[in-house]
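A.B. asks: Could you have a look at this structure, given as structure tokens, before my questions?
The values are calculated or read from the model by the stated rules, or taken from the named source; none is laboratory data. Just so it is clear, the model here is predicted, and its values are computed rather than measured. In this analysis, Cβ positions are derived from the backbone assuming ideal geometry, glycine residues included, and neighbour counts consider all displayed protein chains. Just so you know, the surface numbers come from the protein's heavy atoms only, side chains and all, with ligands and any DNA or RNA stripped out. Shrake-Rupley method; radii C 1.70, N 1.55, O 1.52, S 1.80 Å.
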Amino acid sequence: MAGENGAQIDGAQIIVNALKLNDIDTLFGVVGIPITDLARLAQKEGIRYIGFRHEQNAGNAAAISGYMTGKPGICLTVSAPGFLNGMVALANATTNGFPMILISGSSDRAIVDLQRGDYEELDQMNAAKPYAKAAYRVNRAEDLGLGLARAIRTAVSGRPGGVYLDLPADVLAATLDAQLAEKSLIKVVDPAPRQIPAPDAVERALKLLAGARRPLIVIGKGAAYSRAEDSIREFVEKTGIPFLPMSMGKGVVPDTHPQCAAAARSLVLGQADVVLLLGARLNWLLGHGKSPEWAADGKIIQVDVHAAEMDSNRGVAAPVVADIGSAMEAFLAGLPSAGIAPQQEWLQTISAKIDTNRAKMAKHLAATPQPLDFYAAYNAVRSVISDNKELYIVSEGANTLDFGRNLIDMHLPRRRLDVGTWGVMGIGMGYSIGAAVTSGQQVLAIEGDSAFGFSGMEIETIARYKLPVTILIFNNGGIYRGDNVNLSGGADPSPTTLEVAHYDQMMQAVGGLGFHVETQEELAAALKEALASGKPALINCVIDPHAGTESGHLTNLNPQSTVSHT
Ligand code: ADP
Ligand code: TPW
Ligand code: MG
């Protein structure tokens with residue numbers, strides 16, 4: 001859009017040019033004042049615009065797109081309420097380390113700052129700051145290119161995260177000489193530079209690993225994000241060390257790999273003497289690395305791009321601050337002389353435990369209760385899912401989520417997208433749309449009935465863009481369970497109760513395929529048909545309201561976990 005003879009272009013055009021220059025090909029958002037024209041213009045210029053029904057879902061789509069590609073996903077929102085709706089997704093992206101930029105229009109600064117009551121007035125930049133990796137505002141059209149460049153680099157470098165970029169309405173409307181505008185743009189060079197580990201840190205880590213008798217490798221979503229699956233697998237296989245995938249780390253090395261110790265999780269965490277953490281934080285999901293879940297005298301090697309993560313919960317004996325790809329290269333180079341070999345006894349103990357646990361699981365899976373419980377429902381679809389190794393699996397809920405994590409094997413990296421670090425409900429449809437749009441491939445969202453409700457209206461978005469998304473709802477009529485009662489004896493439903501609604505009819509209402517199923521046979525047939533169709537589809541699978549436990553696997557985190565209210 002270089003202008004001739006002093007031609008003028010406006011701020012909206014400048015930001016679109018800046019996005020294109022930085023190879024950003026998709027925007028996720030909800031339009032309105034003052035960004036409608038920006039979205040129109042972006043679409044006109046060949047950037048794909050995906051319009052949502054609620055900004056939180058657009059933000060979640062952007063965030064997961066960032067996780068999948070390593071490029072920041074972009075969410076576009078209107079001022080104040082639209083911005084705040086998007087903020088939950090931006091905060092979630094930051095918490096999970098997903099690169100994302102929330103671009104929001106905003107009102108007149110002169111009015112906002114004196115609180116004179118503008119249309120959708122809010123001091124958005126300052127509201128965003130505590131929840132974002134960084135928050136920037138562009139106050140002059142000539143700084144739009146700079147603002148976007150800073151946002152991109154901040155989002156993807158170091159530990160990735162959510163960046164807020166505030167674009168006031170008057171900056172979007174301001175005009176600039178087209179040639180000057182073009183010159184003001186920045187194409188970000190090497191936005192996420194490699195971070196090479198220090199040789200002494202590598203040596204320290206390998207030495208510790210060589211001295212281990214019961215070593216373990218934990219693979220987190222940072223490892224998945226780093227796209228180092230080939231070198232991680234090579235390292236796992238060359239060392240013979242068992243590995244434990246975190247939920248979104250599943251598939252970096254396939255769950256079906258003989259060294260996968262997921263089926264002996266408590267044993268390996270409880271007894272390992274040296275644990276190598278690859279892109280996994282010692283947060284609540286890993287019991288903060290403390291006993292009783294962890295061996296008290298175990299040692300930690302932690303590979304993380306974020307130096308401040310070291311010692312966050314316990315002392316790390318061998319910190320390796322690096323991007324995982326570079327760290328794995330250095331580890332592999334050092335392997336021949338390192339002499340790493342886990343004890344045979346350790347491997348035998350693990351494999352015996354895996355056999356015992358698998359036998360227990362097989363018993364549960366062999367039962368065929370009617371109505372279906374979670375085991376029976378998952379068992380009906382396990383083989384259909386493993387026949388589709390490329391499937392993206394999105395999942396949220398409590399029991400629905402926890403059973404699925406254990407029962408659905410992942411074969412490829414970055415294919416399992418779930419509630420992540422916050423255990424947040426509401427990511428379902430946003431992640432599904434983001435994954436389908438970004439990959440062009442089939443997505444299966446496995447959703448609790450409560451979880452689905454947080455973003456359910458986006459089935460219209462799925463239908464409008466004809467996305468290959470199948471939603472499978474495990475419908476037990478409630479949050480955790482469907483059989484709780486109102487302790488007052490009154491007529492209102494209990495706090496955890498939901499209708500066993502016909503969600504399948506919602507999908508039919510927007511033109512997709514809807515299935516209502518109650519048996520294993522019906523469920524398997526519906527899933528096959530839905531996936532084969534490649535069309536938007538929703539399977540409402542009735543689950544026994546008595547199946548499921550309060551908070552799923554997190555029962556112990558409830559303040560009154562011993563009290564049963566049913
Ligand atoms: P999980 O929930 O799977 O355990 P976390 O989100 O807790 O994973 O941890 C992921 C970690 O990975 C974060 O501490 C983050 O800084 C780190 N990380 C992200 N990307 C990279 C990368 N490319 N190289 C190294 N570490 C990374
Ligand atoms: C943003 C609290 C955790 S799990 C859950 C809620 C409401 C739903 C569980 O019911 P569901 O699954 O989905 O039907 P199932 O299979 O156990 O019956 N608000 C937010 N995030 C969270 N985590 C909650 C509330 C919660
Ligand atoms: Mg439920």
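A.B. asks: So, in region 443-467, exactly how many residues are open to solvent by less than 40 Å² (accessible area, probe 1.4 Å) and either within 16 Å of ligand 3 (Cβ to nearest atom) or part of a loop (DSSP other than H, G, I, E, B) (or both)?
C.D. replies: Total meeting the criteria: 11.
A.B. asks: Also, I was wondering about something else. Confirm whether Glu458 is under 24 Å from Gly59 (Cβ atoms), acidic (Asp, Glu) and either assigned by TED's automatic domain parsing to the domain that holds Pro245 or within 16 Å of ligand 1 (Cβ to nearest atom) (or both).
C.D. replies: So Glu458 does not fit the description; no.
A.B. asks: If you don't mind, another one. Go through region 95-147 and count every residue that is over 30 Å from Met248 (Cβ atoms), surrounded by 15 or more Cβ atoms within 10 Å (Cβ to Cβ) and β-branched (Val, Ile, Thr).
C.D. replies: Matching residues across region 95-147 total 2.
A.B. asks: Does at least one position in region 157-177 carry a residue that is buried (at least 24 other Cβ atoms within 10 Å of the Cβ) and among the acidic types (Asp, Glu)?
C.D. replies: Looking through region 157-177, at least one residue is buried (at least 24 other Cβ atoms within 10 Å of the Cβ) and among the acidic types (Asp, Glu).
A.B. asks: Would you be able to tell me the number of residues in region 421-453 that are within 11 Å of ligand 2 (Cβ to nearest atom) and either closer than 24 Å to Gly70 by Cβ or touching a residue at least 60 places away in the same chain (Cβ under 8 Å) (or both)?
C.D. replies: Going residue by residue through region 421-453, those that are within 11 Å of ligand 2 (Cβ to nearest atom) are 422-428, 446-453.
Then keep just the ones that are either closer than 24 Å to Gly70 by Cβ or touching a residue at least 60 places away in the same chain (Cβ under 8 Å) (or both); that gives 422-424, 426-428.
Number of matching residues: 6.
A.B. asks: Here's something else I'd like to know. Would it be correct to say that Val437 is within 16 Å of ligand 1 (Cβ to nearest atom), assigned by TED's automatic domain parsing to the domain that holds Val384 and either outside any helix (DSSP H, G or I) or within 18 Å of the chain's Cα centre (by Cα) (or both)? First the steps, then the outcome.
C.D. replies: Values: within 16 Å of ligand 1 (Cβ to nearest atom): no; assigned by TED's automatic domain parsing to the domain that holds Val384: yes; either outside any helix (DSSP H, G or I) or within 18 Å of the chain's Cα centre (by Cα) (or both): yes.
Answer is no for this residue.
A.B. asks: OK, next. So, of the residues in region 231-256 that are in contact with a helix residue (DSSP H, G or I) (Cβ under 9 Å, 6 or more places away or on another chain) and of a type in the set (Asp, Glu), which turns out to be least open to solvent (accessible area, probe 1.4 Å)?
C.D. replies: Checking each candidate, the answer is Asp255.
A.B. asks: Against the definition (at pLDDT 95 or above and assigned to a helix (DSSP H, G or I)), how does Ala155 come out, yes or no? Explain how you work it out, then say what you get.
C.D. replies: Numbers: at pLDDT 95 or above: yes; assigned to a helix (DSSP H, G or I): yes.
Against the criterion (at pLDDT 95 or above and assigned to a helix (DSSP H, G or I)), Ala155 qualifies.
A.B. asks: Here's a follow-up. Among the listed residues Asp323, Asp355, which satisfies the condition of being of a type in the set (Asp, Glu) and surrounded by 19 or more Cβ atoms within 10 Å (Cβ to Cβ)?
C.D. replies: Details: Asp355 fails: surrounded by 19 or more Cβ atoms within 10 Å (Cβ to Cβ).
Testing whether each residue is of a type in the set (Asp, Glu) and surrounded by 19 or more Cβ atoms within 10 Å (Cβ to Cβ) leaves just Asp323.
A.B. asks: Given the conditions (1) within 16 Å of ligand 2 (Cβ to nearest atom); (2) buried (at least 21 other Cβ atoms within 10 Å of the Cβ), and given that Leu285 satisfies all but one, which numbered condition is not satisfied?
C.D. replies: For Leu285, the exception is condition (2).
A.B. asks: Does Ala341 qualify as being more than 16 Å from ligand 1 (Cβ to nearest atom), assigned to a helix (DSSP H, G or I) and not acidic (Asp, Glu)?
C.D. replies: no
A.B. asks: While we're here: Please verify whether region 18-33 includes one or more residues that are open to solvent by 40 Å² or more (accessible area, probe 1.4 Å) and without any contact (Cβ under 8 Å) to a residue 24 or more places away in the chain.
C.D. replies: Yes, region 18-33 contains a residue that is open to solvent by 40 Å² or more (accessible area, probe 1.4 Å) and without any contact (Cβ under 8 Å) to a residue 24 or more places away in the chain.
A.B. asks: If you don't mind, there's one more thing I want to ask. Only one of (1) within 11 Å of ligand 1 (Cβ to nearest atom); (2) open to solvent by 10 Å² or more (accessible area, probe 1.4 Å) is not met by Ala228, so which one is it?
C.D. replies: (2)
A.B. asks: Being in contact with a helix residue (DSSP H, G or I) (Cβ under 8 Å, 6 or more places away or on another chain), away from ligand 3 (no atom under 16 Å from the Cβ) and closer than 27 Å to Met248 by Cα narrows it down to one of Gly158, Gly82, Gly73, so name that one.
C.D. replies: Being in contact with a helix residue (DSSP H, G or I) (Cβ under 8 Å, 6 or more places away or on another chain), away from ligand 3 (no atom under 16 Å from the Cβ) and closer than 27 Å to Met248 by Cα holds for just one of Gly158, Gly82, Gly73, which is Gly73.
A.B. asks: Run down Leu391, Leu365, Leu372 and say which single residue is among the aliphatic types (A, V, I, L, M) and within 16 Å of ligand 3 (Cβ to nearest atom).
C.D. replies: Leu372
A.B. asks: For region 468-502, give me the residue count where each residue is part of a loop (DSSP other than H, G, I, E, B) and more than 10 Å from ligand 3 (Cβ to nearest atom).
C.D. replies: Here is the first cut: in region 468-502, the ones part of a loop (DSSP other than H, G, I, E, B) are 468, 476-477, 479-496, 498-502.
If we keep only those that are more than 10 Å from ligand 3 (Cβ to nearest atom) as well, we get 468, 483-495, 499, 501-502.
Adding up the residues that qualify gives 17.
A.B. asks: On to the next question. Limited to region 384-413, what total is found for residues that are assigned to a helix (DSSP H, G or I), in contact with a strand residue (DSSP E or B) (Cβ under 6 Å, 6 or more places away or on another chain) and over 20 Å from Ala261 (Cβ atoms)?
C.D. replies: Count: 2.
Residues checked against (1) surrounded by fewer than 19 Cβ atoms within 10 Å (Cβ to Cβ); (2) away from ligand 1 (no atom under 16 Å from the Cβ); (3) under 18 Å from Ala380 (Cβ atoms):
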| site | (1), (2), (3) |
| --- | --- |
| Thr470 | no, yes, yes |
| Glu529 | yes, yes, yes |
| Pro536 | no, yes, no |
| Asn558 | yes, yes, no |
